[in-house]
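This is the structure I want to talk about, given as structure tokens.
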Amino acid sequence: MFLEIFEEPEWAERYGALEELTVEVTPMALHTDAGPVGLLMWHLLHQGRSLVHYEHFLDPTGADIRQRIAAMADQTRFKVILRDNQTGEVTGFWELDNTFSPALLAFVEGCVRAFEGSERGSLDERIALVTSRYTSKDLLGLIKQH
């Protein structure tokens, strides 16, 4: 498992040139009229300074979520690949200690218990409802509240 980021050329070059990168992830689940949406907010930092946040939506009720997160938990290292979103060129690569697994495993188990048997629309429909209601800044604010 790895985090692959496609970024605008200017930012891909700028971020990719950094020798040191720290990555944090905050998992959260949001309720919509069409059912729950999982969100992993990936936060990239350089020397403690915030660079950028990326939203990674996922289905917290999907059958494969446990398998995917468990596979990630088995890894001791975590790779981050940064690519130019126009050319596909890799502009940055970092291999970090996998410190994400405990929080992500707890998140998945909580989602499985909380949403088991809940009715839901398609994931695309649920994501559309979240993005129509919340901006990235709103989502960051929700994270800070908890």
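Check Thr76, Thr61, Thr22, Thr99 and return the single one that is within 21 Å of Leu129 (Cα to Cα), among the β-branched types (Val, Ile, Thr), at pLDDT below 95 and open to solvent by 20 Å² or more (accessible area, probe 1.4 Å).
Going through Thr76, Thr61, Thr22, Thr99 in turn, the sole match is Thr61.
Next question, about the same structure. In the range 4-19, how many residues are open to solvent by less than 40 Å² (accessible area, probe 1.4 Å) and aromatic (Phe, Trp, Tyr)?
1
Residues in the range 34-51 that are in contact with a His (Cβ under 9 Å, 6 or more places away or on another chain), touching a residue at least 24 places away in the same chain (Cβ under 8 Å) and open to solvent by 30 Å² or more (accessible area, probe 1.4 Å): how many?
1
Write out, first by first residue and then by second, each pair whose Cβ atoms fall under 8 Å of each other, whose residues are 6+ apart or on separate chains, and whose first residue, in the range 63-79, is acidic (Asp, Glu) while the second is open to solvent by less than 40 Å² (accessible area, probe 1.4 Å).
none
May I ask you to list pairs of residues, at least six apart or on different chains, whose Cβ atoms are under 6 Å apart, with the first in the range 1-27 being under 26 Å from Ala73 (Cα atoms) and the second being surrounded by 13 or more Cβ atoms within 10 Å (Cβ to Cβ) and charged (D, E, K, R)?
From residues that are under 26 Å from Ala73 (Cα atoms), the pairs are Phe2/Lys79; Phe6/Arg83.
To continue, here is another question. Applying the selection to the range 102-123, what residues are open to solvent by 40 Å² or more (accessible area, probe 1.4 Å), within 16 Å of Ile69 (Cβ to Cβ) and under 19 Å from the mean Cα position of the chain (by Cα)?
Passing the criteria: Pro102, Ala103, Leu105, Ala106, Glu109.
Also: Inspect the range 132-141 for any residue being touching a His at 6+ places or on another chain (Cβ under 9 Å), of a type in the set (A, V, I, L, M, F, W, C) and either modelled with pLDDT under 90 or surrounded by 14 or more Cβ atoms within 10 Å (Cβ to Cβ) (or both) and give the result as yes or no.
Yes, the range 132-141 contains at least one residue that is touching a His at 6+ places or on another chain (Cβ under 9 Å), of a type in the set (A, V, I, L, M, F, W, C) and either modelled with pLDDT under 90 or surrounded by 14 or more Cβ atoms within 10 Å (Cβ to Cβ) (or both).
Follow-up question, since we're still on this one. Restricting attention to helices (runs of 4 or more DSSP H) lying wholly within the range 1-120, give those where 2 or more residues are farther than 26 Å from Gly141 by Cα.
9-16, 65-73
Kindly indicate which of His56, His31 is under 15 Å from Val108 (Cβ atoms), without any contact (Cβ under 8 Å) to a residue 60 or more places away in the chain, open to solvent by 40 Å² or more (accessible area, probe 1.4 Å) and not β-branched (Val, Ile, Thr).
Matching residue, one of His56, His31: His56.
Cβ contacts < 8 Å: first residue free of Cβ contacts under 8 Å to residues at least 60 places away in the same chain, restricted to the range 90-105; second residue surrounded by 13 or more Cβ atoms within 10 Å (Cβ to Cβ) and in a loop (DSSP other than H, G, I, E, B), any location; separation 6+ or different chain. Result?
From residues that are free of Cβ contacts under 8 Å to residues at least 60 places away in the same chain, the pairs are Asn98/Gln75; Ser101/Gln75.
How many residues, within the range 117-146, are of a type in the set (A, V, I, L, M), in contact (Cβ under 8 Å) with a residue 40 or more places away in the chain and closer than 26 Å to Ala63 by Cβ?
Number satisfying all stated conditions: 5.
The values are calculated or read from the model by the stated rules, or taken from the named source; none is laboratory data. Since we're looking at a predicted model, the values are computed, not measured. All Cβ positions, glycine included, derive from the backbone under ideal geometry; neighbour counts span all protein chains shown. Please note that ligands, DNA and RNA were not included when accessible areas were found on the heavy atoms of the full protein model with its side chains. Shrake-Rupley method; radii C 1.70, N 1.55, O 1.52, S 1.80 Å.
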